[in-house]
Structure formats: structure tokens, C-alpha cells
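Encoded as C-alpha cells, here's the structure I'll be asking about.
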Amino acid sequence: MDEPSGKLSFWEKIGYACGDFASVLFWQTISLHLLFFYTDVFGLSAAAAGTMIYLSRLWDGINDPLVGLIADRTSTRWGKFRPYLLWTAVPLAAAAVLTFTTPSWGPTAKLIYAYVTFNLFMMLYTVINIPYSAMLGVLTPDSSERVVLSSFKYFGAYGAGLVVSAFLMPMVKWIGGSGSSPFGWKITMFVFGAAAVVFFVITFLSTRERVSPPASQQTSIRQDIRDLLTNGPWLLLLFATLMMLLWVSIRLGVINYYFKYYIAPGKYEKWISFFNTVGMVGSLAGVAAVSGFARLLGKKKAFIVLFLIANVLTISFFIYTPNHLFLILAAQFVGSFAGGPLTPLIWAMYADAADYSEWKNGRRATGLVFSASTMAQKFAWAFGALLTGWLLHWFGYQPDTQQPERVIFGFRLLMSIIPGLAGLISIVIMFFYNLDEQTLRQIGLELQERRNRELSLVSEEN
């Protein structure tokens, strides 16, 4: 890396992206298919499954800041965050296989099994993903380069999403004979878990941490938390993320039902895979363009404009019928193209918020900034799963039967207007975010001068 400019090599960016490819092999699977797996394969009711996912993700979200605080205080020859990729990859893969294993037990025992295995899986996911996400703030000090790095990160993420969308359901069916085969789900997750281990190791081997806390910084959990809760830009990003991910999670949670019982009964495996693949291709194209959007408009304006486009297309799903397959796919592609850059943009802004905190308070807690942010992410996913599960129950959903019009109406609302309201709130919140590119350049220069002075003092003392 060119230290003065903060530019990273192409291969280090690719190496960092491999970590999100590994993470999203798991995350996209549970986002798209977990509720469906628990109701139509594992054998739980929609309400029980939604409640279980909600409570488990709440508990997991509470763990996020703890892992962030621990990671900030980790010190090894490999850095603060990279070692967790090496230590946790294999246990996480094993827990994923257990989560998607269906034991031949009674209803109560199976529900307990689901709680135990899913909570174990999510706790291990936290232990590896919090440090991985925090690496975005320590691989380079350059704000613009972080947008590029974030685009690589999410290119890896959407690449994994494409793999899950295109291959998971066909693979389950090929291995087990149908999309509801317990054996097919178990073996598919074994394959995905083994691939994830390889990609996590690649990230560990190909990256290097370069941004450290101020040399004079003293460890104080209370002060770290106080700094975070008084960080205005971070708080705005937090609430915008909550609403954005609620927008995503509700919609993802109902896609399988939407196609199985409304759009393509009898051919749902093929159309779910095709629909999600079209979306992933659109998202990948959007991520490839994210640096251009950020340069043209700035991160904040790009986020607002792109989200407005994506949200209008989301709401449009309310009017589609099974005769509108072309329009459904077109809206999915264009909406995903506009929505794909949203997460890279907002995660690059989280790294900027960590810089802002250091500039304002003279302290840096990158792991806490990102872990508290992922806590919000998991709370949103948790509430999204709870809301989807309970609304399905309220509308009268029963697995593997012809659904009445009331339930079909519920599918349409959950694919369109309900997530659209959450998206609108996120857009409004982002209007108040105030770290523009000029401010960030000035903060970056002052921080670099401050770090250089502190390093000079430390050298003189030694």
C-alpha cells in the first residue's frame, strides 16, 4: 500500500471481499430461507418460528457490542480483528450444519433444538463478523478509498448472494428430491460451510491492519460507550440502518411464500431461484457503480437518490399479478441495481463516523462503532422476522395448502407497502446526516497530523 495516499492494492481488496463472500453464504441463506425452512421443512408453526428467530436475534444483537469491545482490546501480531477470522471459521460452519439439521423428535424437543442451534450459530457469526466488518475502518485511513473497499466488500457479499439465490434451492432439490427435503438442506449447508471456511482464510492471509488507536489512548469501556452515544452522525446512521434493513428483511422473509402460493405454484423452486438471481445480478451491477455514484453525488446524496428509486419499485409489487412476470423481474432487477449500493455506502459512512469520533474525542473504538451498528442490523432482522411470521399467522397462513385471498393479500402487502414504509423513514433520517466529503477531508488531514505528532512523541520518549 502507498502509505501517504492510503491506497490499497487490487489483490488486498479482493482478499477483503472474500470475507463477505463467506459471511453472506450464511447470511443470505438465513435471510431468504430460514423462516421457510422452519415452517415447511423443520415443522414449526409460522408464529413459533418467527418468535424464535426474533428472540434469538435480539439476544445475538445484545452480544454485538460486547464482541466489539473485546475485539478493540485484542492485541496479537496479526492485529486486533484479523485473528478472529482464523479462530472462528470452522466452528461457525459446523454450527450452520447443525442449524439446518432436522432431528426426528417431538414438537417441543425440536423447538428447543432450534433455539439452541440457531443461537449457537448466530453467536459464532457475531464473533467472526464483527471483527471482519471493523476491518473496513483499519485497512486504510482514506475515506474515499474506503468507499472503494466497501464496494469490493459488497461485491463479494452480492456474489455470495448470487450463489445462494441461483444454486441453494436447486441444490437442495437435487440432493434431497424436493425443496422440502431435510437431508437436502443439511448437505447443502455442509457444502456452503466448507466453502466459507476457505474464503475466511483467504481474507486472513491477504489483508493487513494499518489504522490504530491513538498511541496515548487509555482503555475505558465507559468512555468508549459515552463517545459512541454522543456521536451524532453515528446515531443517525444507526436509525437509518434499522429502517433500511427492516425494508430488506420483511421482503426477503416473504419471497418464498409469495412465489410458492401466489406467483408460481408448482414451479416455485425455479422461480424463487430465478427471481433472486435476477436481483443479485442487479445488485452486483449497482455495487460495481457505487464509487461512481459516490464521486458524482457524495455518499449521502447517492444514498437518498438510490433509495428513493429502489423504494418506489418495492411498493410497485403491490399491483403485480401472476400475469406480470416480466414486470416483476424487471422491477426486481432495476430495484436491486438501485438498492445494491445502499449497504456499501452506509458502511463506508460508519467508518467515517469512527474517524469523526476520534477527531472529536481523541479516542478511537472502531470495533464498538461497527459492532453497535451490526446490533442494529440484527434487531432489524429480528423484528422483520417477527413481524413477517406473526402477520403470516394473523392473515391465516397454513403450510402446503391452497391459500385464501386474505393470505394472498398479506403476501402482497409484505412484498410492497409494509417494507416501503420502513424505507421511506430511512430516507427521511438520512437528510439530517452532516458528514459531507469536504468535512471528511478536513477531519482526515487533522487526524493524520495528530497521529504523526503522537508517534513523534512516543519515539522521543523511547
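The values are calculated or read from the model by the stated rules, or taken from the named source; none is laboratory data. Note that this is a predicted model, so its numbers are computed, not measured. Here the Cβ positions follow ideal geometry from the backbone for every residue, glycine too, while neighbour counts run over all protein chains shown.
In this structure, is Gly106 surrounded by fewer than 17 Cβ atoms within 10 Å (Cβ to Cβ) and either within 17 Å of the chain's Cα centre (by Cα) or closer than 30 Å to Ser45 by Cβ (or both)?
yes
I'd like the residue in the range 177-209 that is hydroxyl-bearing (Ser, Thr, Tyr) and surrounded by fewer than 24 Cβ atoms within 10 Å (Cβ to Cβ) and, out of all such residues, is modelled with the highest pLDDT.
First, pick out the residues of the range 177-209 that are hydroxyl-bearing (Ser, Thr, Tyr): 178, 180-181, 188, 203, 206-207.
When the remaining residues are screened for being surrounded by fewer than 24 Cβ atoms within 10 Å (Cβ to Cβ), the result is 178, 180-181, 206.
Working: Ser178: 79, Ser180: 80, Ser181: 87, Ser206: 91.
Only one residue fits best here, namely Ser206.
Checking the condition out of contact with any Cys (no Cβ under 7 Å at 6 or more places or on another chain), closer than 25 Å to Phe36 by Cα, crowded, with 20+ Cβ neighbours inside 10 Å and at pLDDT below 90, which residue from Gly282, Gly253, Gly266 passes? Write out each step before concluding.
Working: Gly282 fails: at pLDDT below 90; Gly266 fails: crowded, with 20+ Cβ neighbours inside 10 Å.
Of the residues listed, the single one that is out of contact with any Cys (no Cβ under 7 Å at 6 or more places or on another chain), closer than 25 Å to Phe36 by Cα, crowded, with 20+ Cβ neighbours inside 10 Å and at pLDDT below 90 is Gly253.
For the condition free of Cβ contacts under 8 Å to residues at least 24 places away in the same chain, over 21 Å from Ser371 (Cβ atoms), not aliphatic (A, V, I, L, M) and not in a helix (DSSP H, G or I), what is the one hit in Gly184, Gly266, Gly179?
On the way: Gly184 fails: not in a helix (DSSP H, G or I); Gly179 fails: free of Cβ contacts under 8 Å to residues at least 24 places away in the same chain.
Just one listed residue meets the conditions, Gly266.
Give the residue that is modelled with the highest pLDDT, with candidates limited to residues of the range 332-369 that are closer than 21 Å to Phe293 by Cβ and of a type in the set (Val, Ile, Thr).
Val334
Among the residues in the range 124-143, are any part of a helix (DSSP H, G or I), out of contact with any helix residue (DSSP H, G or I) (no Cβ under 7 Å at 6 or more places or on another chain) and free of Cβ contacts under 8 Å to residues at least 40 places away in the same chain?
No, there is no match, as no residue in the range 124-143 is part of a helix (DSSP H, G or I), out of contact with any helix residue (DSSP H, G or I) (no Cβ under 7 Å at 6 or more places or on another chain) and free of Cβ contacts under 8 Å to residues at least 40 places away in the same chain.
If you check every pair at least six apart or on different chains, which have Cβ atoms under 7 Å apart with a residue in the range 315-344 that is farther than 23 Å from Ala264 by Cβ and touching a residue at least 24 places away in the same chain (Cβ under 8 Å) first and a residue that is of a type in the set (Lys, Arg) and surrounded by 15 or more Cβ atoms within 10 Å (Cβ to Cβ) second?
Pro344/Lys153
Can you tell which of Gly389, Gly396, Gly423 is closer than 17 Å to Ile315 by Cα and of a type outside the set (A, V, I, L, M)?
From the options Gly389, Gly396, Gly423, the qualifying one is Gly423.
Answer yes if at least one residue in the range 217-234 is modelled with pLDDT of 80 or more and either touching a strand residue (DSSP E or B) at 6+ places or on another chain (Cβ under 9 Å) or among the hydrophobic types (A, V, I, L, M, F, W, C) (or both), and no otherwise.
Looking through the range 217-234, at least one residue is modelled with pLDDT of 80 or more and either touching a strand residue (DSSP E or B) at 6+ places or on another chain (Cβ under 9 Å) or among the hydrophobic types (A, V, I, L, M, F, W, C) (or both).
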